[in-house]
1. Between a first residue in region B:19-33 that is facing chain C (nearest Cβ under 8 Å) and a second residue that is of a type in the set (Gly, Ala, Ser), which pairs have beta carbons less than 6 Å apart while being 6 or more apart in sequence or on different chains?
2. Against the conditions (1) in a helix (DSSP H, G or I); (2) over 30 Å from C:Trp162 (Cα atoms), where does C:Val77 fall short? Just the number, please.
3. Against the conditions (1) of a type in the set (Ser, Thr, Tyr); (2) surrounded by 18 or more Cβ atoms within 10 Å (Cβ to Cβ); (3) over 27 Å from the mean Cα position of the chain (by Cα), where does C:Thr40 fall short? Just the number, please.
4. Taking A:Ile123 as meeting all but one of (1) in contact with a Gly (Cβ under 7 Å, 6 or more places away or on another chain); (2) in a loop (DSSP other than H, G, I, E, B), write down the number of the exception.
5. Tell me, please, whether a residue that is away from chain C (no Cβ under 14 Å) and either more than 24 Å from the chain's Cα centre (by Cα) or assigned to a helix (DSSP H, G or I) (or both) can be found in region A:81-89.
6. Cβ contacts < 6 Å: first residue free of Cβ contacts under 8 Å to residues at least 40 places away in the same chain, restricted to region A:315-334; second residue basic (Lys, Arg), any location; separation 6+ or different chain. Result?
7. Which numbered condition in (1) surrounded by fewer than 17 Cβ atoms within 10 Å (Cβ to Cβ); (2) modelled with pLDDT of 85 or more; (3) within 12 Å of chain C (Cβ to nearest Cβ) is the only one that A:Asp69 fails?
8. Given the residues C:Leu170, C:Leu176, which is the only one that is at pLDDT 85 or above and more than 7 Å from every other protein chain (Cβ to nearest Cβ)?
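The values are calculated or read from the model by the stated rules, or taken from the named source; none is laboratory data. The shown structure was predicted, so the numbers you read here are calculated from the model rather than taken from an experiment. Methodologically, a virtual Cβ is constructed for each residue, glycine included, from the backbone with ideal geometry; neighbour enumeration extends over all protein chains shown.
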Amino acid sequence: MAKITLKNLKHSYLPFPTEDSHYSLKKMSLDWADGGAYALLGPSGCGKTTLLNLISGLLIPTEGSILFDGRDVSRATPEERNIAQVFQFPVIYDTMTVYDNLAFPLRNRGVAEVEIDKRVHEIAGMLDLTKTLKNRASGLTADGKQKISLGRGLVRSDVNVIMFDEPLTVIDPHLKWKLRSKLKELHQRTRRTMIYVTHDQTEALTFADQVVVMKDGEIVQTGTPIELFERPMHTFVGHFIGSPGMNVLPCEVKAGKAIFAGQNIATVNAKSYKGKSQKLELGVRPEFVSFAKKGIPVDIVKVADAGRFRIVETRNGTSSIKLLVPEGEDIPSGKTHLSFDATHTQVYENGWMVGGRT
Amino acid sequence: MKPLTRYVPVIYIIFLMLPIYWLLNMSFKTTNEILGGFSLYPHEFTVASYVKIFTDPSWYNGYINSIEYVLINTVLSVSVALPAAYAFSRYRFLGDKHLFFWLLSNRMAPPAVFALPFFQLYSEVGLFDTPWAVALAHTLFNIPLAVWILEGFMSGVPKALDETAFVDGYSFPRFFFQIFIPTIAAGIGVACFFCFMFSWVELLLAKTLTSVAAKPISAAMTKTASTSGYELGLLAAAGSLTIIPGAIVIYFVRNYIAKGFALGRV
Amino acid sequence: MSSKAVNQKAWFLVAPVFLLVAFNALIPLMTVVNFSVQETFGDNVFTWSGVIWFEQVMHSERFHGALFRQIMFSAIVLAIEVPLGLGIALTMPRKGPWVSVCLVLMSLPLLIPYNVVGAMWNIMALPDIGLLGKGINALGIDYNYTRQPISAWFTLVLMDVWHWTSLVALLCYAGLVSIPDAYYQAAKVDGARTWAVFRFIQLPKLKHVLTIAVLLRFMDSFMIYTEAVVLTGGGPGSATTFLSIDLVKTALGQFDLGPAAAMSIIYFIIILAVSWLFYTLMMKNEEA
């Protein structure tokens, strides 16, 4: 198990990068404590797989360093770093049995057969694979094979970190949640450092203690799922997390107060704004918008039923504002007013939360 | 990769180039010099052999004839293979599996077995000594190959494409030519490459089915051995020239070679 | 596969292929079968002769000789070319600028007309004036392929290896290139050495391709004709007379139609049987 530190890490796939756009990973530094469950969340192409491969040693960074427990491993091989990785599609050794698949990493390291037997059975038990140990690995279903991949990572007791690269991609939808819960359970049992890469926010938010949100090769925000939800540092995080995403509305700030649709809107951070009016926006999640007698005038456009609540889409001028209305509550028709919860309304400049960026 | 193994392809390629270099070496020597002794490069450099080939019709016609039947065969084989491969790829029909295996089995037929029967057959239909005889005879092996390759590529294209086109109102011919064929262009390239290859190199049937008018370059080359003794220089020049079409074709499909050998199935 | 629609009209699409191949395959085969069970004394008069030709061929020393030599040749050639081709494929670069160069140069021997291949080696192996011939003799070995059966065999095998190994190599290369990187990465992470990677990842994934390679090389080496004839003419004597060479001599040389036809049928059946065996093995592999 190890504490992982990224120091000024930068990476480009081109041999001679000169400008920012050549880099898949722009400069980043991060600390990950030992034994945590982390997620790297972001859309395709944001650099999360690159970062994963840098940590696991399948890529050597162009600049910067990676440290495991203070030890510089930037140029160490995957074997030397003692990591395990589960890939997007199941990677198993077709010609071997499930038992031999799980035993493979240990045999390569010269562990005694008795010890191997113990470990294999232990891990197989954790993964509900005991009944299939004698079968040929190629005969299992996709989720069974992914479990084998995972098992090969768990079976080694000296593993520093286990990485997951979108591991549920090929799993049937109705089995995804099962495997997801199993992963969470395994983390709690084994307390190994786990890093989970995905573009699916549900997977990230349910698995991780800490989520790192990435976009275009940069870390946009790091925090617990709740922090990301309640205090998004960037409009992108607001969009990406939560369903539906955060409302982002154009606004101005005058004399420390935010103004939208001609009205003063109370916000958390308008007071901290001290610059010239560049692209300013107001962000507020649909969960924190409600109907009111006075406030922002809107027309109701659409009501969608999402089970336990309804998503109401309203319009003010050219802006669309969504809000959630719990089951049972009435929805006025035609024109009405909205109010925003001040403690959850933020001002953003060029996408970044005013006063929030470190 | 360990540094030593990096040299394996290099050594292998040198091994492959040696006979070709030797052939080129001899093509620029006079027959006297060749028979007179051993030398790694021409001491009396001469292009006389090449000049002879380019100016003597009985020589250059050989090349023209060969290219003629190879082209006819390639176009013919791939054209008829396209609809058939489509049928195998998209439909089930009575006897389809048996038909497919029967087609493949023709690839396993020894040309030697067909030499005499083809001679009689094509004489009977009056095609003896024409490029058509050779082109048609070669389809025995090339059509099954083309069907196999094309079917592999076509199976990689989802049927949703066909269905969308039909829903959009395309007639089958329009769909086939305007939409489907561009999609499998790589497969067609590969099929053409293999048809060209097998037809260009095969010579038993080409010789058997021709005599004077459509004589391929292979037959023309054997005459240098029999009539005036071993005119090795001329033979070497003729041989060197036959490598060129192949080299050109490979160069054009070099990006598809790996894919082609995968036959869409690996 | 099961989502294919049943449609008997597909026969229209298949008709041109069927007709062309049938024309070329069935008619000649019928001719061959005809000749194999008939006897002629000239003037186009044929009489039924039953299985006489088959018996004659099956009992002929000449046929046994040719068959034996053919089997030996195919066996030797397969034993060399398949491992060699696989080995070369494993060392070929998979990314980078040299890939194209490598592929193009390696494909060159495959596109040279068979008679030119034979001629090239014929000239090159000449003892006094050929690169190979002179070279071997210079080493002190007495080498003359026109007179010594062993030398003739050596030259033939060498020529075939030169000619066809690239086919095996290219097939295996295509198979190797199609293995996703993740497998190699997982092996690295699992601490597997090069041999383990070969044994547990590469070899299993190459099964399909290797079967095709073996099948193709067996078939083509069993049918070899032009290159061998141009190189050795079947000699010295009959030392390198393989089945095709013997058959053509009988059919087109001697015009012994009956025995030639019977031999053709036996020949074809042997190839079909062995190929069918490989084919079913290959299909079974795919289903596994």
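1. Going by the 6 Å Cβ cut-off, the qualifying pairs are B:Leu23/B:Ala236; B:Leu23/B:Gly239; B:Leu23/B:Ser240; B:Met26/B:Ala236.
2. (2)
3. With respect to (1) of a type in the set (Ser, Thr, Tyr); (2) surrounded by 18 or more Cβ atoms within 10 Å (Cβ to Cβ); (3) over 27 Å from the mean Cα position of the chain (by Cα), C:Thr40 is out only on (2).
4. The failed condition is (2).
5. Narrowing region A:81-89 to residues away from chain C (no Cβ under 14 Å): none.
For region A:81-89, residues away from chain C (no Cβ under 14 Å) and either more than 24 Å from the chain's Cα centre (by Cα) or assigned to a helix (DSSP H, G or I) (or both): absent.
6. A:Val325/A:Arg310; A:Glu327/A:Arg308
7. Every condition holds for A:Asp69 apart from (3).
8. C:Leu176
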